Number of protein chains: 2
Amino acid sequence: MTGLTTDPGIRDQVLAAADRLFYARGVQNVGMDAVRSEAGVSLKRLYQVFPSKNALLGEVLRRRSETWDAGLAEASAGATTSREHLLAIFDFLDGWFRSDDFRGCVFVNTFAELGAVSPEVAAVARAHKSRFHRYVEGLVAELGGTADLAAQIALLVEGAQVTAAITGSPVPARQACAATETLLAAIG
Amino acid sequence: MTGLTTDPGIRDQVLAAADRLFYARGVQNVGMDAVRSEAGVSLKRLYQVFPSKNALLGEVLRRRSETWDAGLAEASAGATTSREHLLAIFDFLDGWFRSDDFRGCVFVNTFAELGAVSPEVAAVARAHKSRFHRYVEGLVAELGGTADLAAQIALLVEGAQVTAAITGSPVPARQACAATETLLAAIG
DNA sequence: TAGCCTAGAGAACGATCGTTCTCCCCGCAA
DNA sequence: TTGCGGGGAGAACGATCGTTCTCTAGGCTA
């Protein structure tokens, strides 16, 4: 009927393929042709759905931010207290660090790669981190902790991701968790 | 006399220029021509001193590792106890985070950009982090702390660098310092 | 069946980049 | 003064990449 037939499945396929490749190799090490192959879609279609690589990257990042939230929510499913919600973050990290394709935080990686030359990328990274920071702040406040304590815990989460990526080991999740427990114990 | 006249000043100029540009924009966003211009050296000379961009990057990273050590040593100059040496790390970070051109840890950035496609880059990043980790471990051991405590402090240092880079604020240095003091206080 | 719209495959294009090559000039030895 | 070897500037080359264009085949409408 209309020439703009855009099967929603195609959009998802492309996003999933781009996400996989960008994350695994770095954005600049992945050509649009590789995305096309991985997605099993023609180049024409690809550019019909996303007008440029930058637009595609933007959507990939937006989706990763949602995926992060979803993973966090899933790991917090059994949590009842604020403390449990807080510590569930580290369960989430632990599971993630153990996955075969783990290669650090997409936002940190993309910021490192393109943040200096792309204000949009820098803004998306900042927004994601800021949102997570507020999430932690809310939980810590419920436990009677200060904003500074929340910031400290966020640093541990950040450090765990970077360290797990570079060392290839999942233990930073447990270490960051233990440190958080120590910090929480010092609230009183 | 010999055709291999390689003024040692030129080598330093090139390294300094490459370091500045790679760090400011990301390795892949800097062409060899830009390095050449920044260094004020002919392309021929550049390739006489460093046979390839990869070789140049390798040397830049090696030098950054030394610069890190030197900065740490300088910030620790007045420290006498192990505790002071440990806390001096955060003075070092604070000064660094406040510098205009701060853009995170070179090793983390380069790992994010090239670690997946360049085993050498990944290895250099790992080696640097591992060396710093051992440094912290030594200091913490002198204070009667465990290796796990050292790892926790290292996570704070890592997290502070990433967070300062993305937010553009120097406060993570202070926050990581405060968290470290809390963790140290819990040793007993 | 005839005509047309669409989509796919991939060639083509223009830009960039790492690396090498050419050309020209300068300073030095005889 | 006359060659000559080395160095500088930048053109050139080959590869890659983002993006667009062309060509062809196929399916739907009348």
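The values are calculated or read from the model by the stated rules, or taken from the named source; none is laboratory data. This one's a predicted model, so the numbers in the text were calculated from it and none came from an experiment. Cβ atoms come from the backbone with ideal geometry, glycine included; neighbour counts cover every protein chain shown. Remember, those area values only see protein heavy atoms, side chains included, never the ligands or the DNA or RNA. Shrake-Rupley method; radii C 1.70, N 1.55, O 1.52, S 1.80 Å.
Go through (1) away from every other protein chain (no Cβ under 13 Å); (2) over 12 Å from the mean Cα position of the chain (by Cα) one by one and return the number of the condition A:Phe90 breaks.
(1)
Could you say whether any residue in segment A:103-114 is open to solvent by 10 Å² or more (accessible area, probe 1.4 Å), free of Cβ contacts under 8 Å to residues at least 60 places away in the same chain and out of contact with any Lys or Arg (no Cβ under 9 Å at 6 or more places or on another chain)?
The answer is no, given that none of the residues of segment A:103-114 is open to solvent by 10 Å² or more (accessible area, probe 1.4 Å), free of Cβ contacts under 8 Å to residues at least 60 places away in the same chain and out of contact with any Lys or Arg (no Cβ under 9 Å at 6 or more places or on another chain).
Look at segment A:7-44 and say how many of its residues are more than 10 Å from DNA strand D (Cβ to nearest atom) and either more than 14 Å from chain B (Cβ to nearest Cβ) or over 26 Å from B:Phe111 (Cα atoms) (or both).
18
Pairs under 6 Å by beta carbon, first residue open to solvent by less than 50 Å² (accessible area, probe 1.4 Å) in segment B:132-161, partner of a type in the set (Asp, Glu), six or more apart or different chains?
Within 6 Å, the pairs are B:Ala150/B:Glu137; B:Gly159/A:Glu158.
One line per residue, one yes/no per condition, for (1) open to solvent by 60 Å² or more (accessible area, probe 1.4 Å); (2) in contact (Cβ under 8 Å) with a residue 24 or more places away in the chain:
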position: A:Gly9; (1), (2): no, no
position: A:Ala24; (1), (2): no, yes
position: A:Gly31; (1), (2): no, no
position: A:Ser42; (1), (2): no, no
position: A:Gln48; (1), (2): yes, yes
position: A:Leu56; (1), (2): no, yes
position: A:Gly71; (1), (2): no, yes
position: A:Gly78; (1), (2): yes, no
position: A:Phe90; (1), (2): no, yes
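Take the conditions over 24 Å from A:Gly168 (Cα atoms), more than 7 Å from every other protein chain (Cβ to nearest Cβ) and within 16 Å of the chain's Cα centre (by Cα) and apply them to B:Ser99. Does it pass?
For B:Ser99, the condition - over 24 Å from A:Gly168 (Cα atoms), more than 7 Å from every other protein chain (Cβ to nearest Cβ) and within 16 Å of the chain's Cα centre (by Cα) - is met.
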